[in-house]
Amino acid sequence: MQKQDFYQTLVNQANSLICDERNVIANMANISALLFTSLDDINWAGFYLVDTPKELVLGPFQGNPACIRIPVGKGVCGTAAQSLETQLVDDVHAFTGHIACDAASNSEIVIPIIKNGRLFAVLDIDSPRLARFDKQDQVGLEALVKCFEATL
């Protein structure tokens, strides 16, 4: 299956899981489980929510225990939160200020989630494989985030 088709199927699955549910925690839990069981070569998939203007807090996820709080502007998640731009990182060890929650993680993608024009959370996905994520993954995962944002 082509990556574009895979992600369209994934977005359709996510939409059927969350389209009629307005509880954000339940929807995040289902999305993180869907991603964790559908994507190859990942070791963590989940959310960090805005807790204060300066800090993110751990939300629903699948994978090993993780850092509970991340300062906005620090690490890959905090950089995505501050810039409001997707962070696609081939080698987290080369990323200035990387926060190592799981030593097995080598690459990462983090996508900001916007509600009413403001940062609500970030979707964070880690992989033990270097350069696991590419632009096609970014486009597909950003489409999934748009699906989720529609429920907020």
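The values are calculated or read from the model by the stated rules, or taken from the named source; none is laboratory data. Owing to the predicted nature of the structure, the values given are computational and were not obtained by experimental measurement. Here the Cβ positions follow ideal geometry from the backbone for every residue, glycine too, while neighbour counts run over all protein chains shown. These area figures cover heavy atoms from the full protein model, side chains too; ligands, DNA and RNA do not enter into them. Shrake-Rupley method; radii C 1.70, N 1.55, O 1.52, S 1.80 Å.
Determine the dipole magnitude for region 3-150: charges of +1 sit on the beta-carbon of Lys and Arg, -1 on that of Asp and Glu, nothing else is charged, the reference point is the Cα centre, and the result goes in debye to the nearest 20. Spell out each step's value before the answer.
Details: 11 positive and 18 negative charges, 80 e Å.
Using only the charged Cβ atoms, the result is roughly 380 debye.
Helix content alone sets the calculated 222 nm mean residue ellipticity of the chain: runs of n ≥ 4 DSSP H residues at -39500 (n - 2.57) each, divided across all residues, give -11500 deg cm²/dmol.
Phi angles across region 118-125 convert, under the Karplus curve 6.51 cos²θ - 1.76 cosθ + 1.60 with θ = phi - 60°, into 3J(HN,Hα) values of 10, 4, 10, 6, 10, 9, 10, 10 Hz, Gly and Pro given as x.
Backbone geometry of region 55-60 corresponds, through the Karplus equation with coefficients 6.51, -1.76 and 1.60 at θ = phi - 60°, to 3J(HN,Hα) couplings of 8, 9, 10, 4, x, x Hz, x marking Gly and Pro. Here the Gaussian network model covers the chain, with springs between Cα atoms less than 10 Å apart; of D124, D20, D91, D20 fluctuates the most.
Scoring 37-44, 111-118 by mean Cβ neighbours within 10 Å over their residues and listing the highest first yields 37-44, 111-118. Rolling a 1.4 Å probe over the protein heavy atoms of the chain, with every protein chain left in place, gives an accessible area that is 50 percent carbon and sulfur. By the Cβ-Cβ criterion of under 4.7 Å, the unpaired cysteines of the chain are C19, C77, C147.
The orientation-averaged shadow of the Cα convex hull for the chain, equal to a quarter of the hull surface, comes to 7.9 nm².
Accessible surface calculations at 1.4 Å, restricted to protein heavy atoms, place the chain at 50 Å² per residue. For the pair D20 and S83, label points projected 7 Å from Cα toward Cβ lie 4.0 nm apart. Sequentially through region 35-51, phi angles give Karplus couplings (6.51, -1.76, 1.60; θ = phi - 60°) of 5, 5, 8, 9, 8, 7, 6, 10, 10, 6, 8, x, 10, 10, 9, 5, 9 Hz, Gly and Pro residues having no value and appearing as x.
Placing dummy labels 7 Å off each Cα toward the beta-carbon, the span from L130 to K54 is 3.7 nm.
Among V76, V89, V24, which one moves the most in a GNM of the chain with springs linking Cα atoms closer than 10 Å? Checking each option, the largest mean-square fluctuation is seen for V24.
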